[in-house]
Amino acid sequence: MKNSEELRETATKIFIEGGNNADRIGGSSIVVFHQDEQGRVSRVMYDCGALFAPEGIDANSFVADVLKYLSVDDLSLKRAFPEGSSADINKLREIYKAHGIGTKKLDAMFVTHMHEDHIGGIINLLRAGVKFPKIYASEPTIGVIERLCQDAGIINIPEMQKINPYQTVKINDSMQVSAIPVSHSTVGAYAFYTKTAYNAEYMR
């Protein structure tokens, strides 16, 4: 029998990184964290929207606090700033490092639908040279993300994979995500059902 301290470490947790509040409207972003009985950690992000910040709010408010889950590499920075000097890129890399970028690695990302408060942060961060994991979404949502990237001149586009209604994506033996079509004010909208387990037997 595990003691109480071990049980606190083995858990599924939900972190709401963006969303509605008094100063920062929008910016929907949720991360589900799971640690199984063997200590393996999984993290999946749902959405990364743009925040509709009021006038006078710092520019950091235009995306939710998600840098710690993402990453940056030389290729993505060079693609985002093809005219930038090595010194400029190194300075940006240091800024990201100071903000803890990449300290909590994501296994995958899922996008519910194509509204700006759910995908706008992806575009903003790609323009800044940030790297995303594989993104799963409906075909219409992927099409809009690709078009927005093209319009913004983004060439460090992440890998994106279409997920069909009721399809399940296996993250690993202790986490899986299923797409459920929902009625919304746009086509191709999904809710995502996340299933986690301490014992892989329960995932069968």
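Filtering the range 140-160 to residues that are open to solvent by less than 70 Å² (accessible area, probe 1.4 Å) and free of Cβ contacts under 8 Å to residues at least 60 places away in the same chain leaves 140, 141, 142, 143, 144, 145, 148, 149, 152, 153, 158, 160. Taking the condition of being hydrophobic (A, V, I, L, M, F, W, C), in contact with a strand residue (DSSP E or B) (Cβ under 6 Å, 6 or more places away or on another chain) and over 18 Å from residue 15 (Cβ atoms), how many residues in the range 98-142 meet it? Residues in the range 98-142 being hydrophobic (A, V, I, L, M, F, W, C), in contact with a strand residue (DSSP E or B) (Cβ under 6 Å, 6 or more places away or on another chain) and over 18 Å from residue 15 (Cβ atoms): 2 in total.
All of 198, 166 fail the test of being open to solvent by 50 Å² or more (accessible area, probe 1.4 Å) and at positive phi, apart from 166. The number of residues in the range 88-141 being touching a Ser or Thr at 6+ places or on another chain (Cβ under 6 Å) and more than 28 Å from residue 179 (Cα to Cα) comes to 1.
The residue of the range 78-101 that is farthest from residue 31 (Cα to Cα), among those that are assigned to a helix (DSSP H, G or I) and open to solvent by 80 Å² or more (accessible area, probe 1.4 Å), is 86. Please find, within the range 102-139, the residue that is farthest from residue 46 (Cα to Cα) out of those that are touching a helix residue (DSSP H, G or I) at 6+ places or on another chain (Cβ under 8 Å) and open to solvent by 30 Å² or more (accessible area, probe 1.4 Å). Among them, the one singled out is 127. For the subset of the range 34-53 comprising residues that are touching a Lys or Arg at 6+ places or on another chain (Cβ under 8 Å) and open to solvent by less than 30 Å² (accessible area, probe 1.4 Å), which member is modelled with the highest pLDDT? The residue in question is 34. Of everything in the range 161-198 that is without any contact (Cβ under 8 Å) to a residue 24 or more places away in the chain and aromatic (Phe, Trp, Tyr), the residue that is nearest to residue 37 (Cα to Cα) is 193. Residues in the range 175-195 that are open to solvent by 30 Å² or more (accessible area, probe 1.4 Å) and in contact with a strand residue (DSSP E or B) (Cβ under 8 Å, 6 or more places away or on another chain): 176, 180, 181, 182, 191, 192, 193, 194, 195.
The values are calculated or read from the model by the stated rules, or taken from the named source; none is laboratory data. This structure is a prediction, so every number in the text was calculated from the model and none was measured. A quick note on method: Cβ atoms are made from the backbone with ideal geometry, for glycine too, and the neighbour counts reach across all protein chains shown. Only protein heavy atoms, including side chains, enter the accessible area calculation; ligands, DNA and RNA are left aside. Shrake-Rupley method; radii C 1.70, N 1.55, O 1.52, S 1.80 Å.
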